[in-house]
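Participant: I'd like to ask some things about the structure below.
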Amino acid sequence: IDPNAPEKTGAARFFEIVQLECGSIIKVNLLFLISCLPVVTVPLAVRAMYQVICRMVRDQPVDCFYHYRTAFCQHVGQAYAAFLLSVAPLAISGYGALFYLRYAGDNYWLFLPFMLCSTVFLTVLLASTYLYGVLSSGISLGEAVRLALALGIGRPRRAVLAALFGYGPLLAAVLFFPFSALYLLLVGFSLPCLLSVFFIRTVMKRYCGW
């Protein structure tokens with residue numbers, strides 16, 4: 001690639017990243033799967049994968065094994081806290097929304113807690129697409145959570161795209177398992193992560209100095 005050529009944007013830039021980092025994307029996916037085997041290390045694996053993918057999107061040098069291992073071992077408490085702050089509200093509010101919707105037909109007052117749970121679910125879902133990107137900038141957890149919430153509410157379009165292309169393929173692959181086993185093994189986690197981070201990159205450049 002000509003270093004003097006203008007930087008590509010949009011889909012052209014995404015496919016350029018895939019072309020340049022194809023091997024690394026597969027390696028990161030395999031590292032993620034291996035490091036998730038103990039189960040209790042899933043939060044560490046998620047943070048490590050995002051750290052490496054963010055380096056790819058920011059056009060920084062990537063040494064998969066070194067950068068993944070470094071991210072996996074550093075900021076352990078932050079990794080668990082970020083994972084819990086994302087997953088727990090989504091699970092609780094999602095279950096609450098389904099629960100109240102089931103009985104709202106018999107009692108219209110139950111639409112109020114349903115709307116509350118739905119609002120919490122959507123807010124956390126949109127914020128979660130920004131959280132790990134913000135953390136990759138070296139910001140403290142508390143500040144990162146506040147900024148992710150503000151961006152999820154204030155810049156929802158990019159967050160919706162990140163959630164759709166980040167969580168959607170993974171959900172589809174799980175639903176179609178075992179037919180999607182090879183896809184999950186090779187790029188089933190790292191590629192959706194790349195898509196998600198790619199869609200928020202312009203917001204991260206503006207607010208986090210990427």
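The values are calculated or read from the model by the stated rules, or taken from the named source; none is laboratory data. Note that the structure is a prediction, hence the values are computed from the model and not measured. Backbone-built Cβ (ideal geometry, glycine too); neighbour counts: all protein chains shown. In case anyone asks, the SASA skips ligands and DNA or RNA and just uses the protein heavy atoms, side chains included. Shrake-Rupley method; radii C 1.70, N 1.55, O 1.52, S 1.80 Å.
Participant: I139: net charge of surrounding residues, Cβ under 14 Å, Lys/Arg +1, Asp/Glu -1, itself excluded? Show your work: numbers first, answer last.
Facilitator: Values: positive: R47, R146; negative: E143.
It works out to a net charge of +1.
Participant: Give, to the nearest whole percent, the P(r) tail of the chain beyond 28 angstrom, counting all Cα pairs.
Facilitator: Counting every Cα pair in the chain, those more than 28 Å apart make up 30 percent.
Participant: Of all alpha-carbon pairs in segment 49-122, indicate the percentage at a distance above 17 angstrom.
Facilitator: In whole percent, the share of Cα-Cα pairs in segment 49-122 beyond 17 Å is 61.
Participant: R0 = 41 Å: FRET efficiency of N107 with I153, Cβ-based, nearest 0.05?
Facilitator: On the way: r = 30 Å, r/R0 = 0.73.
Efficiency computed from Cβ-Cβ geometry: 0.85.
Participant: Still on this model: Using the alpha-carbon atoms, what tilt in degrees (0 to 90, nearest 10) does helix 10-36 show relative to the longest principal axis of the chain?
Facilitator: Taking the Cα atoms of the chain, the angle to 10-36 is about 80 degrees.
Participant: With a 1.4 Å probe and every protein chain left in place, work out the accessible area per residue of segment 84-206 in Å², rounded to a whole number. Intermediate values should be presented prior to the final figure.
Facilitator: Working: 6870 Å² over 123 residues.
Per residue, segment 84-206 has 56 Å² of solvent-accessible surface.
Participant: Measure out, as a whole number of angstrom, how far apart the alpha-carbon centroids of segment 55-133 and segment 26-42 sit.
Facilitator: Their Cα centres are 19 Å away from one another.
Participant: Leaving out ligands, DNA and RNA, what percent of the accessible area of segment 1-114 is carbon and sulfur, probe 1.4 Å? All intermediate terms of the calculation are to be shown ahead of the outcome.
Facilitator: Working: 4600 of 6870 Å².
Summing carbon and sulfur atoms, their accessible area is 67 percent of the total for segment 1-114.
Participant: Continuing with the same structure: Roughly how many Å² of I92 are accessible to a 1.4 Å probe, to the nearest 10?
Facilitator: 120
Participant: Then there is this: For segment 1-102, which trypsin sites (Lys or Arg not before Pro) pass both filters: DSSP loop (anything but H, G, I, E, B) and at most 14 other C-beta atoms within 10 Å?
Facilitator: Working: sites: K8, R13, K27, R47, R55, R58, R69, R102; in loops: K8, R58.
Sites meeting the loop and neighbour criteria: K8.
Participant: Also, I was wondering about something else. Each label point is 7 Å from the Cα along the Cα-to-Cβ direction; what then is the distance between the points at F177 and R69, in nm?
Facilitator: Distance between label points: 2.8 nm.
Participant: Dipole magnitude of the chain about its Cα centre, charges +1 at Lys/Arg Cβ and -1 at Asp/Glu Cβ only, in debye to the nearest 20?
Facilitator: On the way: 15 positive and 8 negative charges, 57 e Å.
Dipole about the Cα centre, nearest 20: 280 debye.
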